[in-house]
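Heads up: the structure comes next, in structure tokens.
The values are calculated or read from the model by the stated rules, or taken from the named source; none is laboratory data. Remember, predicted model here, so these are calculated numbers, not experimental data. Cβ atoms come from the backbone with ideal geometry, glycine included; neighbour counts cover every protein chain shown.
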Amino acid sequence: MSIEKTRDIGILRAIGAGRASIRKIFFFAGTILGTAGIAAGTALGILISEILKRTQLIRLPQDVYYVDKLPILTQWSDVALVVAGALIITSLSSLYPAHQASKVNPVEAIRYG
């Protein structure tokens, strides 16, 4: 994201935005984007899980598995743990691009863009 926005970063720095401001902008933008993906993925996963649970679309050979349908159980504690882990990973993975964006030289960035 920071490579695509090099010119914008240069303009922000040229009009007086500090490195900390640029870092915050990119950190929060990355975190918000990741959080939106986590929310959409969680909602879609729960929806598909509920559809499979109610319709029992997946049948299993009973002589092999001793059950004839796929048992589906949503453990909300597991969902919460995965969401929390994904939020942590999203936040951590936003740090490096935010740091790199804050180091951009304004003159070079405007010339590059």
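Looking at segment 87-104, which of the residues that are under 10 Å from the mean Cα position of the chain (by Cα) and surrounded by 17 or more Cβ atoms within 10 Å (Cβ to Cβ) is farthest from A39 (Cα to Cα)?
If we take residues in segment 87-104 being under 10 Å from the mean Cα position of the chain (by Cα) and surrounded by 17 or more Cβ atoms within 10 Å (Cβ to Cβ), then S94 is farthest from A39 (Cα to Cα).
Find the residue count for segment 43-75, including only residues that are at negative phi, of a type in the set (S, T, N, Q), at pLDDT below 90 and assigned to a loop (DSSP other than H, G, I, E, B).
The total comes to 0.
So, in segment 64-86, how many residues would count as being over 19 Å from the mean Cα position of the chain (by Cα) and not acidic (D, E)?
13
If we keep just the residues of segment 1-32 that are of a type in the set (S, T, N, Q) and part of a helix (DSSP H, G or I), which is farthest from S91 (Cα to Cα)?
Looking at residues that are of a type in the set (S, T, N, Q) and part of a helix (DSSP H, G or I), I get T6.
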